[in-house]
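Student: Quick one: structure below, then a few questions.
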Amino acid sequence: MSAPRSVHAVRFSAAAVGEQLTAMRGHAPLVQCLTNIVVAQWTANVLLAAGASPAMVDNPEESGPFAAVADAVLVNLGTPQEETVAAMHGVVRAAAVAGTPWVLDPVGVGGLLWRTRIASDLLALAAPALIRGNPSEILALSGVGGGGRGPESVDTAEDAVDVAMSLAQQHGTVVAVSGAVDHLTDGTRLVRVANGHPWLTKVTGGGCALGALMAAFAATADDPLLAATAATATYTVAADIAAERVAGPGSFAVALLDSLASLDPQELVDRVVLR
Amino acid sequence: MSAPRSVHAVRFSAAAVGEQLTAMRGHAPLVQCLTNIVVAQWTANVLLAAGASPAMVDNPEESGPFAAVADAVLVNLGTPQEETVAAMHGVVRAAAVAGTPWVLDPVGVGGLLWRTRIASDLLALAAPALIRGNPSEILALSGVGGGGRGPESVDTAEDAVDVAMSLAQQHGTVVAVSGAVDHLTDGTRLVRVANGHPWLTKVTGGGCALGALMAAFAATADDPLLAATAATATYTVAADIAAERVAGPGSFAVALLDSLASLDPQELVDRVVLR
Amino acid sequence: MSAPRSVHAVRFSAAAVGEQLTAMRGHAPLVQCLTNIVVAQWTANVLLAAGASPAMVDNPEESGPFAAVADAVLVNLGTPQEETVAAMHGVVRAAAVAGTPWVLDPVGVGGLLWRTRIASDLLALAAPALIRGNPSEILALSGVGGGGRGPESVDTAEDAVDVAMSLAQQHGTVVAVSGAVDHLTDGTRLVRVANGHPWLTKVTGGGCALGALMAAFAATADDPLLAATAATATYTVAADIAAERVAGPGSFAVALLDSLASLDPQELVDRVVLR
């Protein structure tokens, strides 16, 4: 792992972020999700609410061919089984051939050895457009640190920024590190999004669905770093709005779907906090 | 595919539809669901709210024997894997022997080749009581058109009516085609239900759960076309009621469960729009 | 099966139950769940709302090693497949070696033969800290009665108390029998918790999530019977609070997550009904 090259903190304009939301909705991208049994429903509902079109095609027979039809692909390692892992290999190969952008969410990588190897194998097949994880997962994916205990992170996003930049350079990808402030980098540029609410950590799939939304935005954006930033902004600003109206994590999740569906691009522009 | 025989548009009385809801609740049918990982929870909750009893028995060892105990069976092709497909074959064979009505929901058939073959294989084993799909899926199941991109439909229900009638005649079954106006036919009769709300397309499993509800009604009704009509009416009228109270697709899904549970048969009679 | 030894009905103090909730939240136990595709999301959200940390690690490669890291393990037989059953065997063996408490939820045992054998095999490997089921499942697990039709129970908790006590003695475990009044026993002591709402039976996973919560409490408590009692009290008192505010089973499930998250230990103490 080489030392990070000189890094420039960039601040996309809020207006540019708002335009990405409008563009994503206008395109209504078909997002193929290979994800886990815990969050599949939530992920599909988040995509539908935001204006994308989910398709959970995750078997070895169909997932490769479908990647050529889909606008973007999500590979989430939450509950791998032999058959879904075979499908993941097929989808990554097919996405690479077809030029379909794919997002890797390395859930639980580090502490869990089988999926750590799966993630390495997938990265060796083809570079994803985006990698999204919590700090522990990003550190583990880079061979640094032992990873968290399951999906929980034991590090902060700030701890993982240097490693994230190296990882982004190594694979020619964008790396998004979740946290109270989300950190996103393509290896030379760094963006921080400071929206969001702690209740996102009390809804299962709170992070996983953001990976799917990044895939949706990556389908339309020319700049994957801007795509990841706009997805993060859309999701966390909608979370901010939802949190104002609710009494706990149950009603928060419901309100988050409502606010994703009704989020006006201008409201996104007004409320997003980019650093 | 032969040309449709002469078709008679029928209008079941609203009263007959209301009686079906009362009868279904009185029976509380045990509905065995072999469905996908995305909508399994939503489907079970819809059945429970409406007054039926779900049992997601979907492994090859148990699904056949259970079909003899269940009152109805749903086979939904949303996320097939080798093992669940083996279970589907077992359940269809056993349902045919036991005389248990089964419903086929051919999710994604057409664009996705493996499941298109699976659907054909299942139909060759035994005729379902009902087939429920969107227009693209119904066209594809009949060998017409290439199918949609995943679960999304690219055609309207009207486009698929003639094909649906032929398909119904061919298999001696009822075919329900979803849309802004739902079209249901047994090959000689045609019913249209004009209730429902666009938010049903923004909740994952919005259609899949209706397939399960059709199975619940088919367990008690003598006339499968009336069963499918009553299930569609119950679900879409409950959706109409739910949509009046809510702010978006998240709260809509929650309210739909509430309104399914509290739906009075008389309210169903008053609000259903049959054409 | 020997006749029950003399049984003493005990009443834990409400204060002791409240202390368990505080202790569980302070520890935020990592609960590994091998559960079914229908309730995985709901189970994870219940654990998160209550203050525990879920990890759905259910593949044969990782589930054993993870049991040594987890604070407690749930094995739920809802939708077994070959691969998850292999993972269940691995996790039970590893939990026994590591001293990690595990909970067995024998969903559908009795009427469904394959999983009845799976449950016996798991019990032969190592004794769980807790067994949680409905009366039909507990009777079937003891070789008494034919079991229910799927997850539904056809018996009352009272019917199953003697059998539950024998089962607890036989395996040196705690057995919790769900019902309008929950009955919990370690073979010599019996506790009854009289909170809860019928809508818990109208939310899929209403019982399954309680099994996971029992695992969370078992991770911190010295007395597994007290752990099971505190978990039941927490869940059913939160259900009581939720039911006061809502219009049906959909909004009830949402409010239950909210009330689990906001439940004050003192409120638990004030409202729990122990008999």
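The values are calculated or read from the model by the stated rules, or taken from the named source; none is laboratory data. As the structure is a prediction and not an experimental result, all values here were calculated from the model. All Cβ positions, glycine included, derive from the backbone under ideal geometry; neighbour counts span all protein chains shown. Each accessible area value is taken on the protein alone, full model and side chains, heavy atoms only, with ligands, DNA and RNA left out. Shrake-Rupley method; radii C 1.70, N 1.55, O 1.52, S 1.80 Å.
Student: Using the Karplus curve 6.51 cos²θ - 1.76 cosθ + 1.60 with θ = phi - 60°, work out ³J(HN,Hα) for each residue of the stretch A:103-116 in order, rounded to whole Hz, and write x for Gly and Pro.
Tutor: For the stretch A:103-116, the Karplus curve yields 10, 9, 10, x, 4, x, 4, x, x, 10, 6, 4, 6, 5 Hz.
Student: So, one more: Can you give me the long-range amide H partners of A:Leu190? Hydrogens built in the peptide plane at 1.01 Å from N, cutoff under 5 Å, separation of 5 or more residues or another chain.
Tutor: Amide H to amide H, under 5 Å and 5 or more residues apart or across chains, A:Leu190 pairs with A:His8, A:Ala9, A:Val10.
Student: In nm, what does the list of distances from C:Ala16 to its counterparts in the other copies look like, shortest first, when each label sits 7 Å along Cα to Cβ?
Tutor: Copy-to-copy label distances for C:Ala16: 6.3, 6.3 nm.
Student: Remind me, relative contact order of the stretch C:8-271 in percent, using alpha carbon pairs under 8 angstrom and six or more residues apart?
Tutor: Once normalised by length, the contact order is 21 percent.
Student: Another question about this same structure. Give me the percent relative contact order of the stretch C:147-275, please, defined on Cα pairs under 8 angstrom at least 6 residues apart.
Tutor: Taking the mean separation of contacting Cα pairs over the length of the stretch C:147-275, I get 21 percent.
Student: Copy-to-copy spacing for A:Ala86, label 7 Å out on the Cα-to-C-beta vector, in nm, shortest first?
Tutor: A:Ala86 label point versus its equivalents elsewhere: 1.2, 1.2 nm.
Student: Can you give me the long-range amide H partners of B:Trp102? Hydrogens built in the peptide plane at 1.01 Å from N, cutoff under 5 Å, separation of 5 or more residues or another chain.
Tutor: For B:Trp102, the qualifying residues are B:Val73, B:Ala129, B:Leu130.
Student: Quick one: which of A:189-197, C:224-232 comes out on top by average Cβ neighbours within 10 Å, and what's the full order, highest first?
Tutor: Descending packing order for the listed peptides: C:224-232, A:189-197.
Student: From the phi of every residue in the stretch A:75-81, what ³J(HN,Hα) in whole Hz does the Karplus formula 6.51 cos²θ - 1.76 cosθ + 1.60 yield, where θ is phi - 60° and glycine or proline is x?
Tutor: Ordered by residue, 3J(HN,Hα) equals 10, 10, 8, x, 10, x, 9 Hz.
Student: Let me ask something else about it. I'd like the mean, over residues of A:198-207, of how many other protein chain beta carbons sit within 10 Å of each residue's own Cβ.
Tutor: 3
Student: Provide the buried accessible surface between chains A and B in square angstrom, both chains summed, 1.4 Å probe, rounded to the nearest 100.
Tutor: What A and B bury together is about 2200 Å².
Student: Taking 7 Å along the Cα-to-C-beta vector as the label spot, tell me the A:Ser120-A:Glu267 distance in nanometres, rounded to one decimal.
Tutor: Using points 7 Å along Cα→Cβ, the separation is 4.6 nm.
Student: Can you compute 3J(HN,Hα) from phi for each residue in the stretch A:211-222, using the Karplus curve 6.51 cos²θ - 1.76 cosθ + 1.60 with θ = phi - 60°, rounded to whole Hz and x for Gly and Pro?
Tutor: Once rounded to whole Hz, the list reads x, 5, 5, 4, 4, 4, 6, 5, 5, 10, 7, 7.
Student: With N set to the number of residues, divide the alpha-carbon radius of gyration of the protein assembly as shown by 2.2 N^0.38 Å and report two decimals.
Tutor: 0.91
Student: So, for chain B, what is the accessible surface per residue at a probe of 1.4 Å, expressed in square angstrom?
Tutor: 31 Å²
Student: Considering only the other residues whose Cβ falls under 10 Å of the Cβ of C:Asn59, what net charge follows from Lys and Arg at +1 and Asp and Glu at -1?
Tutor: Residues near C:Asn59 contribute -4 overall.
Student: If you don't mind, there's one more thing I want to ask. Add +1 for every Lys or Arg and -1 for every Asp or Glu among the other residues with Cβ under 13 Å from the Cβ of C:Leu260, and state the total.
Tutor: Surrounding charge for C:Leu260 is -2.
Student: Averaged over its residues, how many other protein chain Cβ atoms are within 10 Å of peptide A:62-70's Cβ atoms?
Tutor: Across the residues of A:62-70, the mean count of other-chain Cβ atoms within 10 Å is 3.
Student: Looking only at A:Val107, A:Val92, A:Val181, which one moves most when chain A is put into a Gaussian network model with springs between Cα atoms under 10 Å?
Tutor: Per the Cα network of chain A with a 10 Å cutoff, A:Val181 tops the list.
Student: Oh, and also: Mind checking C:48-60 for the average number of partner chain beta-carbons within 10 Å of each residue's beta-carbon?
Tutor: 6
Student: What figure in square angstrom, to the nearest 10, would you give for the accessible area of A:Trp42 with a 1.4 Å probe?
Tutor: 20 Å²
Student: Taking springs between alpha-carbon atoms closer than 10 angstrom, which of B:Met88, B:Met165, B:Met56 fluctuates most in the Gaussian network model of chain B?
Tutor: The residue that fluctuates most here is B:Met56.
Student: Which is farthest toward the positive dipole end of chain A among A:Leu167, A:Gln41, A:Asn76, measuring Cα position about the Cα centre, with Cβ charges +1 (Lys, Arg) and -1 (Asp, Glu)?
Tutor: The residue sitting most towards the positive pole is A:Leu167.
Student: Looking for one value pair here: nearest-to-axis residue in chain B (by Cβ) for the rotation onto C, and the distance in whole angstrom.
Tutor: B:Ile37, 3
Student: Under 1.5 on a/c is rounded, so check that first for the stretch B:64-122, then, if it is not, pick prolate when a/b is larger than b/c and oblate when it is not; a ≥ b ≥ c are the square roots of the alpha carbon gyration tensor eigenvalues.
Tutor: prolate
Student: For A:Ala98, go 7 angstrom from Cα along the Cα-to-Cβ vector, then report the distances to that same point in the other copies in nm, smallest first.
Tutor: 3.9, 3.9
Student: Summing Lys, Arg as +1 and Asp, Glu as -1, what charge do residues with Cβ under 12 Å from the Cβ of B:Val144 carry, B:Val144 excluded?
Tutor: My count for the surroundings of B:Val144 gives -4.
Student: Can you give the relative contact order of the stretch A:5-142 as a percent, counting alpha carbon pairs under 8 Å and 6+ residues apart?
Tutor: Averaging sequence separation for qualifying contacts and normalising by length gives 20 percent for the stretch A:5-142.
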